[in-house]
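Trainee: This is the structure, below, for whatever I ask next.
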Amino acid sequence: MIKKITFVRANKIKYGGGGAEVYLSRLSEALTKQRISHSITHSIFPEFLPSWIRVLLFNLQTCLTKGGKFYFSLERITCPDIYRAGDGVHKVYMRIENKSIFNLLHAVYLFIEKRCFRNAKHIIANSQMIKDEIIATYDINPKKISVVYSGMNFKKMDYQGSFDRLSREFSIPQNKKILLYVGSGFKRKGVEEFLHIVALLKNRDLKAFVVGRERNSQFYYQLAKKLKIDDQVVFTGIRDDVDDFYAISDIFLLPTHYDPFSNVVLEAMSFENAVFTTRQNGASEILKQPFIMENPKDFSIVEKIDNLLNNAEHLQNIKRQNKLKSAEFSIDANLEKTLAIINGANEGADFTN
């Protein structure tokens, strides 16, 4: 009988971690509260090694030491019991981003990914979009894949406190409308398109914040100047007070090129934001149709954003509706569905301490 769940994720949970690391942190906290025994396996290999070598070595690390462990993997490995495909389908990502198969990291990912999907007892997709991609790309039996949307912990919103703190730093006038982007990896997440949308808006009485990191930040600074919106757009870099930005913003915009399910969409909704994102984001499945862009360059949403900015009552209604909708996606609800899948894969298992 299996007594313990071993979660597998190469990167440790740390400041500035990605969506999978954040999700795993929330899930671990929820499991601890329910006294469910679990551990987390991380990579033991140094970061100075080439990425493709670290990926191969981590796969060896996990599979050679598996023994009788029950692996719930959030990482592509060839020996998972359950695999949560939170990173999406790499083969699809490569096609969308036009990545070369001759890059050793991509070649290794594809080698492991195919075996990961085939060897897992069960797969959890964090959106229907990802389930469909797995089936279409690797011909996996649909019955082997369950869709479980991401979950989050809900926080108390303090608009005035958040506004007071940020207005002192960024000189934000009272009642100024705020547009927000949060995320790292600006190219894939659509910051270029975000800036073009801001530039096309007729309503100029607003401030737009870009929160996150990017190696090639200068390109985006120069683009904002070229579009003559550098007086409206603020690039903040990485912040540990992201919740304050969510709290004061009115509209959250993520024109991403590919995202299995962006946690930031749920977070923005929970802080009463109207939210727009692309159909290429699995999180779009929880939004109403008018708020879904057909692609990152679907600039038809410019008129919709302008209409919201000019209609305070309608904007407030949308914000309230999103907060209510986000409440359906708690980490506890996610854990309940996840445990049902784990127990289904291992009848008679008892993970409680």
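The values are calculated or read from the model by the stated rules, or taken from the named source; none is laboratory data. Just so you know, these numbers come straight off a predicted model, no measurement behind them. Note that each Cβ is placed from the backbone with ideal geometry, even for glycine, and that neighbours are counted across all protein chains shown. What goes into the accessible areas is simple: the full protein's heavy atoms, side chains included, and nothing from ligands, DNA or RNA. Shrake-Rupley method; radii C 1.70, N 1.55, O 1.52, S 1.80 Å.
Trainee: For the pairs LYS207/LYS304; LYS114/LYS297; LYS207/LYS319, flag any whose C-alpha to C-alpha distance is greater than 20 Å.
Mentor: Pairs exceeding the cut-off: LYS114/LYS297.
Trainee: Taking square-rooted eigenvalues a ≥ b ≥ c of the alpha carbon gyration tensor, is segment 273-336 rounded, prolate or oblate, where a/c under 1.5 means rounded and, failing that, a/b exceeding b/c means prolate? The partial results should precede the final answer.
Mentor: Details: a/c = 3.96, a/b = 1.37, b/c = 2.90.
Here segment 273-336 falls in the oblate category.
Trainee: If VAL264, VAL147 are ordered by their accessible area, calculated over protein heavy atoms with a 1.4 Å probe, which sequence runs from highest to lowest?
Mentor: Sorted by accessible area, descending: VAL147, VAL264.
Trainee: Considering only protein heavy atoms, what is the solvent-accessible area of LYS155 at a probe of 1.4 Å, reported in Å² to the nearest 10?
Mentor: That residue has around 110 Å² of solvent-accessible surface.
Trainee: Long-range amide H contacts for GLU272: which residues qualify at under 5 Å (H placed 1.01 Å from N, peptide plane, sequence gap of 5 or more or a different chain)?
Mentor: The answer is LYS323.
Trainee: On to the next question. Let me check something: with ligands and nucleic acids excluded, how do ASP332, ASP231, ASP243, ASP259 order by accessible area (1.4 Å probe), largest to smallest?
Mentor: ASP231, ASP332, ASP243, ASP259
Trainee: Roll a 1.4 Å probe over the protein chains and send me the accessible area per residue for the chain in Å². Provide the component values of the computation, followed by the final result.
Mentor: Working: 16520 Å² over 353 residues.
In whole numbers, the chain has 47 Å² accessible per residue.
Trainee: To test your reading of the geometry: what angle, between 0 and 90 degrees and rounded to tens, separates the Cα axis of helix 191-200 from the longest principal axis of the chain?
Mentor: 20
Trainee: Through the Karplus equation 6.51 cos²θ - 1.76 cosθ + 1.60, θ set to phi - 60°, convert the phi angles of segment 102-108 into ³J(HN,Hα) values in whole Hz; use x for Gly and Pro.
Mentor: Values, residue by residue: 7, 6, 4, 5, 5, 4, 5 Hz.
Trainee: Let me check against my output: what whole-number percent is the relative contact order of segment 87-193, with C-alpha pairs under 8 Å and at least 6 apart?
Mentor: Taking the mean separation of contacting Cα pairs over the length of segment 87-193, I get 20 percent.
Trainee: Could you tell me whether segment 172-213 comes out rounded, prolate or oblate from its Cα gyration tensor? Rule is a ≥ b ≥ c as square roots of the eigenvalues, rounded for a/c under 1.5, then prolate if a/b exceeds b/c, otherwise oblate.
Mentor: oblate
Trainee: For THR278, enumerate residues with amide H under 5 Å from its amide H, sequence gap 5+ or separate chain, H modeled in the peptide plane.
Mentor: Correct list: THR256, MET293.
Trainee: Still on this model: Keeping the other protein chains in place, figure out the carbon and sulfur percent of the accessible area of segment 293-343, with a 1.4 Å probe. Can you show the working numbers first?
Mentor: Values: 1340 of 2710 Å².
Solvent-exposed carbon and sulfur of segment 293-343 make up 50 percent of the total.
Trainee: Ordering ASP164, ASP250 by how much accessible area each has at a 1.4 Å probe, largest first, what is the list?
Mentor: Per-residue accessible area, sorted high to low, gives ASP164, ASP250.
Trainee: Please determine, in degrees from 0 to 90 and to the nearest 10, the orientation of helix 331-345 with respect to the longest principal axis defined by the Cα atoms of the chain, where the helix direction is its Cα long axis.
Mentor: Compared with the principal axis, the helix lies near 20 degrees.
Trainee: Bin width 10 Å, alpha-carbon pairs only: give the P(r) of segment 246-353 as whole percents, running from 0 to the bin holding the largest distance.
Mentor: The calculated distribution, bin by bin, is 14, 39, 25, 13, 7, 2.
Trainee: Could you tell me which of rounded, prolate or oblate describes segment 136-225, using a ≥ b ≥ c as the square roots of the eigenvalues of the alpha-carbon gyration tensor, with rounded for a/c under 1.5 and, failing that, prolate when a/b is larger than b/c and oblate otherwise?
Mentor: Oblate shape, in that a/c is at least 1.5 and b/c is the bigger or equal ratio.
Trainee: Another question, if that's okay. As a test of the formula, what do you get for the chain when each DSSP H run with n ≥ 4 contributes -39,500 (n - 2.57) and the sum is divided by the residue count, at 222 nm and rounded to the nearest 500 deg cm²/dmol?
Mentor: For the chain, the value works out to -13000 deg cm²/dmol.
Trainee: Name the cysteines of the chain that stand alone by the Cβ rule: no other cysteine Cβ under 4.7 angstrom.
Mentor: CYS116
Trainee: Leaving ligands, DNA and RNA out of it, work out the accessible area of LYS114 with a 1.4 Å probe and give it in Å² to the nearest 10.
Mentor: 90
Trainee: Could you work out the relative contact order of the chain, using alpha carbon pairs under 8 angstrom and six or more residues apart, expressed as a whole percent? Write down the numbers at each step before the final one.
Mentor: Working: 597 pairs, mean separation 64.4, N = 353.
After rounding, I find 18 percent.
Trainee: Just report the Cα centroid separation between segment 243-283 and segment 41-119, whole Å.
Mentor: Cα centroid of segment 243-283 versus Cα centroid of segment 41-119: 27 Å apart.
Trainee: May I pose another question? To the nearest 10 degrees, how steep is helix 217-226 against the longest Cα principal axis of the chain, on a 0 to 90 scale?
Mentor: Long axis of 217-226 versus the principal axis of the chain: about 30 degrees.
Trainee: With a cap of 11 neighbouring Cβ atoms within 10 Å, and only residues DSSP puts in a loop, list the chymotrypsin sites (Phe, Trp or Tyr not before Pro) found in segment 82-113.
Mentor: Filter output for segment 82-113: PHE102.
Trainee: Just the number, please: carbon plus sulfur as a percent of the accessible area of segment 141-239, 1.4 Å probe, no ligands or DNA/RNA counted. Don't skip to the answer; put the middle values down first.
Mentor: Working: 2500 of 5310 Å².
Answer for segment 141-239 is 47 percent, counting heavy atoms of protein chains only.
Trainee: Can I ask one more? How large is the Kirkwood hydrodynamic radius of the chain, in angstrom, based on all distinct alpha carbon pairs?
Mentor: Taking every pair of different Cα atoms in the chain, averaging 1/r and inverting gives 21.4 Å.
Trainee: Okay, next question. Tell me which chymotrypsin sites (Phe, Trp or Tyr not before Pro) from segment 262-334 have a DSSP coil assignment and no more than 15 other beta carbons within 10 Å of their own.
Mentor: Loop-located and lightly packed - PHE299.
Trainee: Follow-up. Using the Karplus curve 6.51 cos²θ - 1.76 cosθ + 1.60 with θ = phi - 60°, work out ³J(HN,Hα) for each residue of segment 230-240 in order, rounded to whole Hz, and write x for Gly and Pro.
Mentor: For segment 230-240, the Karplus-derived couplings read 5, 7, 9, 9, 10, 8, 8, x, 6, 10, 9 Hz, x marking Gly and Pro.
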